[in-house]
1. Residues in region 237-251: is at least one touching a strand residue (DSSP E or B) at 6+ places or on another chain (Cβ under 6 Å), at negative phi and either modelled with pLDDT of 95 or more or of a type outside the set (F, W, Y) (or both)?
2. Return the residue satisfying two criteria in turn: it lies in region 70-90 and is in contact with a Lys or Arg (Cβ under 8 Å, 6 or more places away or on another chain) and either buried (at least 24 other Cβ atoms within 10 Å of the Cβ) or among the hydrophobic types (A, V, I, L, M, F, W, C) (or both), and of such residues it is nearest to I257 (Cα to Cα).
3. For region 1-10, does any single residue satisfy the condition of being farther than 29 Å from P258 by Cβ and either of a type in the set (A, V, I, L, M) or at pLDDT below 95 (or both)?
4. From D45, D38, D116, grab the single residue that is touching a Phe, Trp or Tyr at 6+ places or on another chain (Cβ under 9 Å), surrounded by fewer than 17 Cβ atoms within 10 Å (Cβ to Cβ) and farther than 22 Å from V5 by Cα.
5. Take I154 and tell me if it is more than 30 Å from L61 (Cβ to Cβ), out of contact with any Phe, Trp or Tyr (no Cβ under 6 Å at 6 or more places or on another chain) and at pLDDT 95 or above.
6. Give, as residue ranges, the strands (runs of 3 or more DSSP E) completely inside region 41-120 that count at least 1 residues that are touching a helix residue (DSSP H, G or I) at 6+ places or on another chain (Cβ under 7 Å) and either under 23 Å from V153 (Cβ atoms) or modelled with pLDDT of 95 or more (or both).
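The values are calculated or read from the model by the stated rules, or taken from the named source; none is laboratory data. In this text, all values refer to a predicted model and were calculated from it rather than measured experimentally. Every residue, glycine among them, receives a Cβ derived from its backbone with ideal geometry; neighbour counts consider all protein chains shown.
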Amino acid sequence: MTPQVTAFFDDATNTISYIVKDPEGSACAIIDSVLDFDYSSGRTDTKSADAIIAFVKDNNLTVEWLLESHVHADHLSAAPYIQEQVGGKIGIGDRITVVQDTFGKVFNEGTEFQRDGSQFDKLFVEGDSLHIGQLRADVLHTPGHTPACLTYVIGDAAFVGDTLFMPDFGTARCDFPGGSSEVLFASIQKILALPDETRIFVGHDYKAPGRDDYAWETTVGAQKEANIHIGAGKSKEAFIEMRDTRDASLAMPKLIIPSLQVNMRAGQMPEPDEQGDVFLKVPVNKL
């Protein structure tokens, strides 16, 4: 089946969120939503999420799933807020427990922070499937960028998160804790083994040099042929050398500190203090 895909581009974080709809019904899933966050003031806003909610309501859609491709380090998830407004179950890969254990220590969360993934409604493993109305979605575990990265193959479309970008921009960084360029190479081969005509929807776009417009849809065939990091049969050894060298030069994402603390909690803020105030921690020399 061919799902109906509507994209929402967030200018502040270059994130693309998706509504994926059963073409023969009203059921849909929302993938990688964004909660707006201004770091300098510490204020959140729901403008991006409200645009998705408005589309759902205007088109009389039924939200069955709120899917996360991984624990994002560059934006906060709006999944709990959207769930409150229009429903849906929040899902992520089962290796979220690895991410929670790693960053629970980085942020000194203590024993009260559960590291079993229980903040999410569903934890997926390789080979799992789910349904969006009559649409079947299959789950691929595609780690390398993070240990918990998933690709959702829904009908003739694959939602790859940060694993792959548009062919002229390449692939995800692998230098976060638990990342691996060797593992990413193997994960990308899973995606490239899908039929060439499979549509690929990426999680971010940064407008590669020479391109005037943002883009987020490509195909497996185009990635095989033209991806500047992995295409044209590039060897595993060449990819690892390129990726590791490139990653060593990259700065940390601007919102990595708030994003990780919130997203490892399924988009929830840390518990408030006795006065009802919420605080995020800044670990010094830990990232």
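1. Of the residues in region 237-251, the ones touching a strand residue (DSSP E or B) at 6+ places or on another chain (Cβ under 6 Å) are none.
No: zero hits.
2. I90
3. Quick first cut of region 1-10, residues farther than 29 Å from P258 by Cβ only: 1-4.
Next, only the ones that are either of a type in the set (A, V, I, L, M) or at pLDDT below 95 (or both) stay: 1.
Looking for residues that are farther than 29 Å from P258 by Cβ and either of a type in the set (A, V, I, L, M) or at pLDDT below 95 (or both), one finds at least one in region 1-10, hence yes.
4. Working: D38 fails: touching a Phe, Trp or Tyr at 6+ places or on another chain (Cβ under 9 Å); D116 fails: touching a Phe, Trp or Tyr at 6+ places or on another chain (Cβ under 9 Å).
So the residue among D45, D38, D116 that is touching a Phe, Trp or Tyr at 6+ places or on another chain (Cβ under 9 Å), surrounded by fewer than 17 Cβ atoms within 10 Å (Cβ to Cβ) and farther than 22 Å from V5 by Cα is D45.
5. Working: more than 30 Å from L61 (Cβ to Cβ): no; out of contact with any Phe, Trp or Tyr (no Cβ under 6 Å at 6 or more places or on another chain): yes; at pLDDT 95 or above: yes.
Criteria not met by I154.
6. Numbers: elements: 43-45, 62-67, 89-93.
Ranges flagged: 62-67, 89-93.
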